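Enquirer: Attaching a single structure in structure tokens format; questions to follow.
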Amino acid sequence: MQKSGVLIVMKRDIELVKEFYEKTAKEYDKGYETPYWKLYHEITWENIKQFLPTKKDGFILDAGGGTGYWAIRLAKHGYRVVLTDISESMLKVAEKKIKTEKLQDQIRIRVADIRDMSSFKSNHFDMALAEGDPVSYCLNPEKAIGELARVVQPKAPVVVSVDSKYSMISRLITEGSFEQLSKFINTGIIKSRKGEFEFQAFTPEELETLFEKCGLKLLRLIGKPILAQLLPRERRDELIMKDFGRLLALELRFYSIPSLVGVGGHLEAVGTKRE
């Protein structure tokens, strides 16, 4: 009985996430045009590209890829990509961008829940990505990462980005929400800033444990960004824009140091599927 109740709650929560993105899809990309997010994307790319398939036409899954930022970037480098998301409106935005870039032959679009990739065969892709927040938002991270691991070939890389628990603790302190802290520290569950839905944040150790449980050998764990996350929020974009190249170089120098990883706004793990 309890298991059924949990499933009902999770279904409701994923519907709230879907509803949010259905409403915001047309304006979604505008929120990521700031210097902070430009830095975030370049840190992500520098990490991803070290694990890309060696085959020029490698087959990559971009799970929960929304409006197609990573699918398009990967396709421009010659890879074949399947882009999935739970929001049809987000995928419609992606479709327009893909047509503008003339990448229709390289990117396929499919509506899919990251927790259920049953429409894809096991050992199907050369790489799988879940960038941004899909694993945090689905509230069943083990199932989601397990599905990503299932659909890639043995020894193929899986890259997962999630919200950082320590960054969220800082947010709660800033908001003066000390009454929520104890529960959040135990569960990792927190509401989005405007309360539209709940999502889950993780410590580096928790993310590493999830990868091991899902049959993935952890290769790298990074925080992104780390140093920019420590800058005064009101001056962050100004400071990043002023010395973008130098700050990016510093981020790449420190982003995988274990004592600093948890400081990042997001955590990103890379693992390979065990044979």
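Read-outs throughout are calculated quantities, based only on the coordinates presented, and are distinct from any laboratory measurement. Everything numeric here is computed off the predicted structure, so don't read it as measured data. Backbone-built Cβ (ideal geometry, glycine too); neighbour counts: all protein chains shown.
Enquirer: By the gyration tensor of its Cα atoms, with a ≥ b ≥ c the square roots of the eigenvalues, what is the shape of segment 35-83: rounded for a/c under 1.5, prolate for a/b over b/c, or oblate?
Expert: oblate
Enquirer: Which of the lysines could be linked to K55 by a straight reach, that is with a Cα gap under 27 Å, when you skip same-chain ones fewer than 8 residues away?
Expert: K76, K97, K99, K102, K121, K155, K217, K273
Enquirer: I need H77, H124 ordered by Cβ neighbour count within 10 Å, fewest first.
Expert: Fewest-to-most ranking of H77, H124: H77, H124.
Enquirer: OK, next. How do the peptides 49-62, 149-162 rank, highest first, by the average count of neighbouring beta carbon atoms within 10 Å per residue?
Expert: 149-162, 49-62
Enquirer: Given the -39500 (n - 2.57) contribution per DSSP H run of 4+ residues, what per-residue ellipticity at 222 nm results for the chain, rounded to the nearest 500 deg cm²/dmol?
Expert: -14000 deg cm²/dmol
Enquirer: Follow-up question, since we're still on this one. How high is the relative contact order of segment 23-120, given as a whole-number percent (alpha carbon pairs under 8 Å, six or more residues apart)?
Expert: The normalised contact order for segment 23-120 reaches 26 percent.
Enquirer: Using only the Cα atoms of segment 161-275, build the gyration tensor, take square roots of its eigenvalues as a ≥ b ≥ c, and label the shape rounded, prolate or oblate: rounded if a/c is under 1.5, else prolate if a/b is larger than b/c, else oblate.
Expert: Oblate.
Enquirer: Sticking with this one: Kindly put E147, E142, E42 in sequence by how many other C-beta atoms sit within 10 Å of each C-beta, fewest to most.
Expert: In order of increasing Cβ crowding within 10 Å: E142, E42, E147.
Enquirer: Next up: Tell me which aspartates and glutamates have Cα within less than 17 Å of K26's Cα, excluding those fewer than 8 residues away on the same chain?
Expert: The qualifying aspartates and glutamates are D85, E88, E95.
Enquirer: Moving on to the next point. Does segment 78-175 classify as rounded, prolate or oblate by the C-alpha gyration tensor (a ≥ b ≥ c root eigenvalues; a/c under 1.5 gives rounded; else a/b over b/c gives prolate, otherwise oblate)?
Expert: oblate
Enquirer: Let me ask another. Relative contact order (percent) for segment 2-273, with alpha-carbon contacts under 8 angstrom and 6 or more residues of separation?
Expert: That works out to 20 percent.
Enquirer: Here's another thing I want to ask about it. By count of other Cβ within 10 Å, fewest leading, how are C214, C138 ordered?
Expert: C214, C138
Enquirer: Oh, and also: Hey, rough spin-label estimate for K191 and S177, points 7 angstrom out along Cα→Cβ, what's it come to in nanometres?
Expert: That separation, rounded to one decimal, is 0.7 nm.
Enquirer: Next up: Under a cut-off of 27 Å between alpha-carbon atoms, report the lysines in cross-link reach of K183, not counting same-chain residues fewer than 8 places apart.
Expert: K3, K11, K18, K143, K165, K191, K194, K213, K224
Enquirer: (1) 67; (2) 57; (3) 60: which one is percent of Cα pairs over 22 Å apart as calculated from this entry?
Expert: (2)
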